[in-house]
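The values are calculated or read from the model by the stated rules, or taken from the named source; none is laboratory data. Keep in mind that what you see is a predicted model, and the values were worked out from it rather than measured. A quick note on method: Cβ atoms are made from the backbone with ideal geometry, for glycine too, and the neighbour counts reach across all protein chains shown.
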Amino acid sequence: MALLQIAEPGQSSAPHEHRLAVGIDLGTTNSLVATVRNGVATVLPDEQGRPLLPSIVRYGPDGRIEVGYAAQAQQSNDPRNTIISVKRFMGRSVKDVAHVENAPYDFVDAPGMLQLRTAQGVKSPVEVSSEILKVLRRRAELALGGDLVGAVVTVPAYFDEGQRQATKDAARLAGLNILRLLNEPTAAAIAYGLDNAAEGIYAVFDLGGGTFDISILKLSRGVFEVVATNGDSLLGGDDFDHRVFCWALGEAKLPPLQPRDVRLLYAKAREAKETLTYHGEAPITARLSGGEFVDLKLTTEAFCSMTQTLVNKTIGPTRRALRDAGLTVEGIKGVVMVGGATRMPQVQRAVGEFFRCDPLNNLDPDKVVALGAAMQANVLAGNRAQGEDWLLLDVIPLSLGMETMGGLVERIIPRNSTIPAARAQEFTTFKDGQGAMSFHVVQGERELVCDCRSLARFELRGIPPMAAGAARVRVTFQVDADGLLAVTAREKSTGVETSVTVKPSYGLSDAEIERMLRDSVEHAREDMHARALQENRVEGERLADAVRAALASDAELLSAEERSGIGRLLEELRATLAGSDHRAIKRASEALNRATEDFAARRMDAGVRRALAGQKIANLGG
Amino acid sequence: MAVTLTEKAANHVQGFLAKRGKGVALRVGVRTSGCSGMAYKLEFADSVTPEDLQFESHGVKVVVDPRSLPYVDGTELDYTREGLNEGFRFNNPNVKDACGCGESFNV
């Protein structure tokens with residue numbers, strides 16, 4: 001008969017209706033699947049009792065697809081068809097990928113996302129990831145004895161919408177119903193926050209195989225709020241391996257290596273790194289295909305000094321996250337360590353010194369994200385007793401906004417807003433009788449559209465003819481719990497509506513996000529000037545248009561002298577508009593404005609006279 | 001009149017209760033549902049009601065509501081592993097027939 005699990009009070013499921021849900025940590029180096037069984041989150045191991053599944057997929061020439069340890073075993077024999085760290089390629093193009101020259105793959109630079117040519121044809125990173133997810137899904141279904149209702153899959157906090165979409169696509173391809181995408185540090189906080197029931201502001205320091213994330217989280221009364229995030233998507237344990245690999249190349253004075261030897265030496269470098277966590281020195285020995293024998297000894301001192309810059313690279317983003325959260329080190333109650341790379345003693349030390357406290361590491365740093373995801377999946381699948389649900393807040397990594405006249409960005413949802421979020425703002429028409437408006441959705445921190453990332457463009461048509469500024473177009477930005485954006489524009493008087501769901505073109509790298517954030521600080525003054533210039537230009541052009549239109553229709557209200565005076569000021573304004581001195585534009589606009597005040601008053605009088613002509617006084621009383 | 005746990009099952013229940021951080025007993029019962037009439041209830045108990053029948057097995061308190069007892073009396077709960085799957089198995093002498101998977105049964 002079936003094997004039963006203990007449920008929460010009152011939550012026993014009807015037969016054949018178990019709501020089996022899992023949490024999946026789809027990692028750069030290793031992936032895990034976990035579930036809540038008998039009230040406890042546990043990682044589900046494979047038949048051999050191994051909890052981790054190496055995130056490695058091999059497309060063999062014989063048509064077989066191997067995943068995990070089996071693929072890892074073939075890594076040095078068949079590097080071209082054995083895909084490691086595929087997460088680095090999710091939603092990326094070739095130019096986004098670091099160390100591309102050392103990756104032994106046959107890249108195909110497809111538009112949007114790169115692809116890999118293997119013995120079984122061209123594969124996209126989405127397909128490769130789905131192979132990993134399929135294995136985890138099968139493992140979970142065997143272990144739980146039934147079909148899954150869904151899964152929570154974790155992604156780095158810094159994944160942009162393209163990368164999130166790619167992850168969702170991979171899950172769908174693997175036959176998994178995604179309950180939610182969850183930021184990895186948030187998942188870790190769930191695992192720690194619930195198990196330890198600790199309140200306060202915490203930092204989650206996540207140094208995984210390929211990504212570094214730092215998140216500032218507020219935990220109180222069971223509510224998690226991510227106050228700020230930062231990180232470096234191109235920094236992780238792989239980079240430490242790379243340093244050791246380069247060191248070994250230099251020490252052993254090796255000639256350029258064949259792909260399989262590159263793999264072999266990488267594996268040896270990783271082993272040495274792991275050994276140094278517990279020992280003072282580690283051997284690196286390997287026999288290469290050309291017959292060369294590598295026999296080196298790596299000491300802790302040498303390892304620390306060659307990776308010092310990598311450790312230091314974690315501190316900058318950490319400082320920025322604190323600043324975004326408006327906190328100092330003293331405001332942080334504790335630091336949660338996540339990711340296998342945080343086992344390295346020099347990383348523990350650096351984090352401890354920066355935060356001036358001992359980092360929390362009592363949960364296995366490799367498993368903590370999967371465990372938290374499993375707890376979240378359990379809640380989302382409806383397996384928790386009432387009243388024990390908890391709210392989960394995540395944040396938007398970069399501001400979302402609209403392009404307005406003159407290429408300026410109007411920020412609708414600011415960065416670090418909690419999601420799900422919905423904000424609306426009204427826009428109006430710029431010209432008389434304007435029948436359509438085009439919208440341009442952008443993401444970024446800069447003031448000018450050209451410095452931000454373009455997410456989508458769409459048009460609202462069918463606006464009835466109205467004077468400039470009379471139309472009321474309400475634009476709503478809605479970000480769902482997965483961080484995906486939907487934008488709706490609606491003209492209020494007619495109800496015409498149009499909307500777009502942003503499945504952004506794959507391709508903004510996290511390094512770009514990092515750069516965009518840095519730029520926004522460094523270019524703050526320039527941006528302010530650019531914004532002032534654009535604003536004055538738009539205003540100046542609007543004024544010039546209005547004066548020109550007035551002259552065309554009511555020139556007879558002016559004397560010849562007045563006409564030439566206004567004409568001269570108009571000409572001056574036009575000249576300043578071509579330049580880039582925003583103060584000059586403002587002065588010229590103001591001069592023209594003053595000179596036409598009287599003209600405007602006369603036009604209004606004339607307009608009133610025209611309207612009143614033929615009306616009887618009696619008609620005006622009511 | 002009793003519902004018992006094997007030592008292995010008791011150890012697992014104790015472990016789960018400890019990790020869960022609260023709960024005073026294991027609640028065993030039945031309800032009418034499923035393809036063969038009855039289904040087991042296996043839950044953590046945060047409280048014990050006055051009419052609950054209480055049993056003790058290898059240090060674990062088991063509570064059963066009186067209406068359920070006739071259907072599960074004499075049951076021994078074991079904890080077993082089948083391939084990757086693991087969980088509690090009901091060895092219930094009252095069962096006459098069960099559906100294919102054994103999740104629901106008839107007495």
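Return the residue satisfying two criteria in turn: it lies in the range A:94-140 and is more than 21 Å from A:ARG58 (Cβ to Cβ) and surrounded by 19 or more Cβ atoms within 10 Å (Cβ to Cβ), and of such residues it is nearest to the chain's Cα centre (by Cα).
My answer is A:ASP96.
Of these, A:ARG180, A:ARG139, which one is touching an Asp or Glu at 6+ places or on another chain (Cβ under 7 Å) and within 14 Å of chain B (Cβ to nearest Cβ)?
The unique qualifying residue is A:ARG139.
Filter the range A:564-589 down to residues that are of a type in the set (Ser, Thr, Tyr) and within 26 Å of A:ALA530 (Cβ to Cβ) and give me whichever is surrounded by the fewest Cβ atoms within 10 Å (Cβ to Cβ).
So the residue we want is A:SER580.
So if I check each of A:ILE6, A:ILE83, which one is facing chain B (nearest Cβ under 9 Å), in contact with a strand residue (DSSP E or B) (Cβ under 9 Å, 6 or more places away or on another chain) and either buried (at least 22 other Cβ atoms within 10 Å of the Cβ) or polar (S, T, N, Q) (or both)?
A:ILE6
Has the range A:217-225 got at least one residue that is aliphatic (A, V, I, L, M) and at pLDDT 85 or above?
No, there is no match, as no residue in the range A:217-225 is aliphatic (A, V, I, L, M) and at pLDDT 85 or above.
Quick one: in the range A:142-158, of everything that is within 16 Å of A:LYS87 (Cβ to Cβ) and either in contact with a Leu (Cβ under 8 Å, 6 or more places away or on another chain) or assigned to a helix (DSSP H, G or I) (or both), which residue is farthest from the other protein chains (Cβ to nearest Cβ)?
A:VAL155
Would it be correct to say that A:GLU17 is more than 7 Å from chain B (Cβ to nearest Cβ) and at pLDDT below 85?
It is true that A:GLU17 is more than 7 Å from chain B (Cβ to nearest Cβ) and at pLDDT below 85.
Identify, from the list B:GLY29, B:GLY15, B:GLY74, B:GLY23, the residue that is part of a strand (DSSP E or B) and among the small types (Gly, Ala, Ser).
It is B:GLY29.
Tell me which residues, restricted to the range A:36-47, are within 11 Å of another protein chain (Cβ to nearest Cβ) and either among the hydrophobic types (A, V, I, L, M, F, W, C) or farther than 23 Å from B:GLY23 by Cβ (or both).
Hits for the range A:36-47 are A:VAL36, A:VAL40, A:ALA41, A:LEU44, A:PRO45, A:ASP46, A:GLU47.
Conditions (1) at pLDDT 70 or above; (2) crowded, with 17+ Cβ neighbours inside 10 Å; (3) hydroxyl-bearing (Ser, Thr, Tyr), marked per residue:
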position: A:GLU491; (1), (2), (3): yes, yes, no
position: A:PRO504; (1), (2), (3): no, yes, no
position: A:ARG525; (1), (2), (3): no, no, no
position: A:GLU562; (1), (2), (3): yes, no, no
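Which residue pairs have Cβ atoms closer than 8 Å, lie 6 or more positions apart in sequence or on different chains, and pair a first residue in the range A:553-575 that is within 18 Å of A:ILE585 (Cβ to Cβ) with a second residue that is outside any helix (DSSP H, G or I)?
Within 8 Å, the pairs are A:ILE566/A:LEU558.
Identify, by number, the condition in (1) over 32 Å from the mean Cα position of the chain (by Cα); (2) modelled with pLDDT under 90; (3) assigned to a strand (DSSP E or B) that A:LYS253 doesn't meet.
Every condition holds for A:LYS253 apart from (3).
Say we look at the range B:70-92 and pick out the residues that are away from every other protein chain (no Cβ under 14 Å) and modelled with pLDDT under 85; which of these is farthest from A:LEU4 (Cα to Cα)?
B:PRO70
Is it the case, given these coordinates, that A:TYR59 is free of Cβ contacts under 8 Å to residues at least 60 places away in the same chain and either more than 14 Å from every other protein chain (Cβ to nearest Cβ) or on the phi > 0 side of the Ramachandran plot (or both)?
no
Look at A:THR29 and say whether it is surrounded by 19 or more Cβ atoms within 10 Å (Cβ to Cβ), in contact with a Gly (Cβ under 8 Å, 6 or more places away or on another chain), of a type in the set (Ser, Thr, Tyr) and away from chain B (no Cβ under 14 Å).
It is true that A:THR29 is surrounded by 19 or more Cβ atoms within 10 Å (Cβ to Cβ), in contact with a Gly (Cβ under 8 Å, 6 or more places away or on another chain), of a type in the set (Ser, Thr, Tyr) and away from chain B (no Cβ under 14 Å).
With respect to A:VAL67, determine if the residue is within 14 Å of chain B (Cβ to nearest Cβ) and hydrophobic (A, V, I, L, M, F, W, C).
no
Aromatic (Phe, Trp, Tyr) and in contact (Cβ under 8 Å) with a residue 12 or more places away in the chain: does that describe A:PHE303?
Spelling it out, A:PHE303 is indeed aromatic (Phe, Trp, Tyr) and in contact (Cβ under 8 Å) with a residue 12 or more places away in the chain.
From the residues in the range A:172-186 that are in contact with a helix residue (DSSP H, G or I) (Cβ under 6 Å, 6 or more places away or on another chain) and part of a helix (DSSP H, G or I), which one is modelled with the highest pLDDT?
If we take residues in the range A:172-186 being in contact with a helix residue (DSSP H, G or I) (Cβ under 6 Å, 6 or more places away or on another chain) and part of a helix (DSSP H, G or I), then A:LEU173 is modelled with the highest pLDDT.
With A:THR342, A:THR285, A:THR318, A:THR328 as the choices, which residue is at pLDDT 90 or above, polar (S, T, N, Q) and outside the structural domain of A:LEU53 (by TED's automatic domain parsing)?
Only one candidate qualifies: A:THR285.
Would it be correct to say that B:SER47 is at pLDDT below 90 and more than 8 Å from chain A (Cβ to nearest Cβ)?
Yes.
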